[in-house]
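The values are calculated or read from the model by the stated rules, or taken from the named source; none is laboratory data. This structure is a prediction, so every number in the text was calculated from the model and none was measured. A quick note on method: Cβ atoms are made from the backbone with ideal geometry, for glycine too, and the neighbour counts reach across all protein chains shown.
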C-alpha cells in the first residue's frame, strides 16, 4: 500500500508473518473438535424443535444435512480424524493395532449383545480419545509422513463401513495431479508465496494407488479436522444460507458456554422483542447480568475470509467484521434503558437491581477471528477518525467462539468475574504498543482442560458413538 509510511509497511509485514506462523503453530485443535461437535451435532439435535419453530420452512437439520451431503456422520468423521492425527502416528499404538488373528477370532465368537463384543482395539481408541488433551503434542510435529491402507483401517475403526470410509476419503483426499490443478486456482495464489494457502490444507491426505493413503504433513491435517467440515458445509449451502442457518445454533452454543458461569450473581437473559415508537425491535442476542453489571452480546456466524487470514489488519478485517460491527452500533444507538423496559423484562425485574448506570460492555462474537483481533480493531479505529466504532461510548470487544470459550474457562477455573475479564480485555486491546501479553492472552491465565466444557463434549462424543 503506497499510502503507508515505511514503519507502517514494516508493521504490516511483521503482523502478516506473525499471523501466518501462529495459524500453523496454534495448538487448539484438541479443544475446537468438541466445540465443533457441540455446534454441528449435539446442540442441533437437543434443540431441534426450538430451531424448527424459529426457522419454519427454512429449517435445516444440520446433523442429517452433514450425513446426507458428506456421506458420513459427524461423530464418525471426528473420531476417525482423531485416530489418524493423534493415535496412529505413535509407534506404541501401531504395534498394538496390528491385527491379531486370535483376538479377532475371539471377538467374532461373541454374540453382538455381549459387552465384550466391542473389541479391545476399539475400546483403546475410545479411551485415548477421551484423554485427547493429554496425548503428546509432539505427535503433530512429526516430520515423518503417516501412511495407512483401507482394509486395516476399517478393521480397526469398526464403526465405519466401506461406504463411509470412501466418503471420508472423498472429503479429505486427492491425488497428486488433482492437487497440482488446485494449486493453480486463484485462491492459492493470494499473498506472498511463503504464506499462500496450500492444497494440503483443503485435502490433507494424499491418495496413492488404492487402497493406500499418506498424510504428508500432520500439522496441516490436524488444523483441517475442523476447517474441512466448515468449508464443505459452506460449499453445500446456497448463497448466504450457511450463515443464516448457523447463526441460531451459534447463539445456542454461546448460551451453553455461558451457562457454566450462572450462579446467584450472574444470570442470562435471551433475546426478546420490544416496542418503541410503535415499531417492534429485537434486543441483544443475549444479556448477561454479572453482579448487576450488564454485558450485551451480539453474535454473527461469520467465518474468517482467506484474504483476512493473509492480511489480518485494515480493510480485509473491517470487511470480515462488518456485520458484527453494525450490530454493536445498533446497541449503542438504542438507549440501554430499552433493554430494561419493565414490560419486556418484568419477570426478571427483581434481579436487575437498578444498576443500569453501570457502564455496559458490548460484545461482538463471530465464528472465527484473527490473532490479536482486539488490537487490530483498535488500529483500524486509530487510523480513521471517521470510523463508526469511534462513536461508541461504551467498551466494545470482539471475540471469536474459541476465545469466548477460553475466557469463560479462565473465569471458571480462577473464580473471576466475566465482566472484569472482558473489561480488562478491552483495556489491554486498546494498547497497541509492545507489551507482555496481547488481549487474547488474558494476562497468561490458565484453565484446566480436563475440567472444561470441551472435555465434557468430548466425553459426550465418545458416549454417543459407543452407544450407537
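Some observations on this one:
- Qualifying positions in region 272-293 - in a loop (DSSP other than H, G, I, E, B) and in contact with a helix residue (DSSP H, G or I) (Cβ under 6 Å, 6 or more places away or on another chain): 272, 283, 285
- Sole residue being modelled with pLDDT under 90 and touching a helix residue (DSSP H, G or I) at 6+ places or on another chain (Cβ under 8 Å), chosen from 331, 296, 321: 321
- Taken over region 146-174, the criterion of being outside any helix (DSSP H, G or I) and within 22 Å of residue 197 (Cα to Cα) is satisfied by 146, 173, 174.
- Checklist (1) at pLDDT below 95; (2) buried (at least 21 other Cβ atoms within 10 Å of the Cβ) applied to residue 387, failing item: (2)
- Restricting attention to region 361-384, the residues that are crowded, with 19+ Cβ neighbours inside 10 Å and either closer than 16 Å to residue 302 by Cα or touching a strand residue (DSSP E or B) at 6+ places or on another chain (Cβ under 8 Å) (or both) total 13.
- Residue within region 175-183 that is surrounded by 16 or more Cβ atoms within 10 Å (Cβ to Cβ), assigned to a loop (DSSP other than H, G, I, E, B) and modelled with pLDDT of 85 or more present: no
- Set 269, 229: member being in a helix (DSSP H, G or I), buried (at least 20 other Cβ atoms within 10 Å of the Cβ), in contact with a helix residue (DSSP H, G or I) (Cβ under 9 Å, 6 or more places away or on another chain) and at pLDDT 85 or above: 229
- Candidate set from region 386-403 (those that are more than 24 Å from the chain's Cα centre (by Cα) and not in a helix (DSSP H, G or I)); member that is nearest to residue 318 (Cα to Cα): 387
- Of the helices (runs of 4 or more DSSP H) entirely within region 1-108, those holding at least 2 residues that are over 24 Å from residue 407 (Cα atoms), modelled with pLDDT of 60 or more and under 24 Å from the mean Cα position of the chain (by Cα) occupy 43-46, 48-55, 62-70, 74-82.
- Considering only residues in region 437-467 that are out of contact with any helix residue (DSSP H, G or I) (no Cβ under 8 Å at 6 or more places or on another chain) and at pLDDT below 90, the one that is surrounded by the most Cβ atoms within 10 Å (Cβ to Cβ) turns out to be 463.
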